Amino acid sequence: MSQGIEVIGLYVRDQDEALAFYVEKLGFRVHTDVRNGDYRWLTVQHPDQPSFQLGLFAPGPPVHDAATAQTLRAIVAKGAMPPLVLTVDNCRSAYDRMRARGVEFTQEPTERFGNVDAGFRDPSGNGWKMMEARRL
Amino acid sequence: MTGGAATQDPELLRRLLRAKDRMDGASQEDWPVRRLARVSGVSQAHFARSFKQAFGVPPHRYLLTRRLERAMALLRDTDISITDIAFRTGWASLGTFGRTLRDVTGENPGAIRAQARALSRAPGRVPTCVLSAAQRPDLRIAVSEKRRRVAGGINGSDE
């Protein structure tokens, strides 16, 4: 067991919707999906990255009071959460594949500084940059 | 704190974000409120008010900052002529572009290009979207208001 970051979480507006998006549209796998009353710990994983989990968490009780949950939902919905970066082998083919599955792209693949990147959002509003892995 | 956004419906905010994303993706295009409101699925009056409440600036000013940001990036990073940059980034004329840029930054396009080249540095590993956002002009007041203040000699006075 090596040391390092194991889980980073996103806030999503609806965990079922987020699960469908990350699994069916992005090709991630479910790592953990457990419930305790209203609380649901849900993490997904990139198939090539078994040591890292992306948490898909819904603001709300018992972790947040109603006003805090509302604020978090608003922040996510207006795209104010930090950017996320997905590395892919081929940005243009990933774009074609994901777009065909209905992913909402905010930027078509664009070549800049010798690298190709694109931008998309999850249904909640979390923004991803998709970058082609640099070939060194 | 702006305060207002937390009271806005997240479903509405998500749809307003879609209009903002569309401006980000094609800031050189015309984005009348009618078009933006259609993207968000709300009335024009509701759109303009809600957008400002959500993002702190009216939609037309947000668009202006994106155009200026793109124009400054092209001045900095490319050899495209200033006239071409003006048209590519959405201005109807070179004069409007030059005047707006001067009103916001205090510099002519040519001077911005020369200064940027003097300071040029490698973009490194910061994603371009973040880099461009960091270089976005911060327009707290309308350009017309800024012009008025300069013309009236009240620049820097309180509001």
Ranked list, fewest to most other Cβ atoms within 10 Å of each Cβ, for A:ILE5, B:ILE82: A:ILE5, B:ILE82
Partner lysines for A:LYS78 [C-alpha distance under 26 Å; skip if fewer than 8 residues away on the same chain]: A:LYS25, A:LYS129, B:LYS20, B:LYS52
FRET efficiency, 1/(1 + (r/R0)^6) with R0 41 Å, evaluated for A:GLU111 and A:VAL63 via beta carbons: 0.45
Fully extended contour minus Cα-Cα distance, from A:ARG99 to A:ILE5, at 0.36 nm per residue: 30.8 nm
Footprinting exposure proxy for A:LEU56, B:LEU119, B:LEU63 (fewest neighbouring C-beta atoms within 10 Å first): B:LEU119, B:LEU63, A:LEU56
Rounded FRET efficiency, nearest 0.05, which uses the C-beta distance separating A:ALA133 from A:PHE52 and R0 of 22 Å: 0.85
Rg followed by Dmax, in Å, when region A:20-94 is reduced to its Cα trace: 14.7, 43
For the protein assembly as shown, size of Cβ-based charge dipole, Lys and Arg +1, Asp and Glu -1, in debye: 940 debye
Taking chain A and dividing mean pair separation by its residue count, relative contact order in percent (alpha carbons under 8 Å, at least six apart): 22 percent
Rounded to 5, percent antiparallel among DSSP beta bridges of the protein assembly as shown: 65 percent
Relative compactness, the protein assembly as shown, computed as alpha-carbon Rg over 2.2 N^0.38 Å: 1.11
Folded to 0 to 90 degrees: helix A:91-100 orientation relative to chain A principal axis, Cα: 50 degrees
Helix A:66-77 vs. chain A, principal-axis angle (Cα, 0 to 90°, nearest 10): 10 degrees
Interchain or long-range residues, amide H under 5 Å from A:LEU56's placed H: A:LEU10, A:LEU42, A:THR43, A:VAL44
In order through region A:40-50: 3J(HN,Hα) via Karplus (6.51 cos²θ - 1.76 cosθ + 1.60), integer Hz, x for Gly, Pro: 10, 8, 10, 10, 10, 8, 6, x, 8, 9, x
Chain A: Rg to Rh, with Rh as the Kirkwood radius over Cα pairs: 0.99
Debye intensity ratio in log₁₀ form over the Cα atoms of region B:33-76, taken at each q of 0.13, 0.17, 0.28 Å⁻¹: -0.34, -0.51, -0.91
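Residues of A:123-131, mean number of Cβ from any other protein chain within 10 Å of their own Cβ, rounded to a whole number?
Mean partner shielding for this stretch: 2.
Please give the average number of partner chain Cβ atoms lying within 10 Å of the Cβ of each residue in A:104-111, rounded to a whole number. Present the calculation step by step, with values, prior to reporting the outcome.
Details: counts 2, 2, 8, 6, 1, 0, 2, 0.
Mean partner shielding for this stretch: 3.
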Farthest positive-ward along chain A dipole, Cα basis, beta-carbon charges - from A:ALA18, A:THR43, A:MET81: A:MET81
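Read-outs: derived from the displayed coordinates by stated rules, not from any lab. Quantities reported herein were computed from a predicted structural model and do not represent experimental measurements. Heads up, the Cβs are rebuilt from the backbone with ideal geometry, glycines too, and the neighbour counts pull from every protein chain shown.
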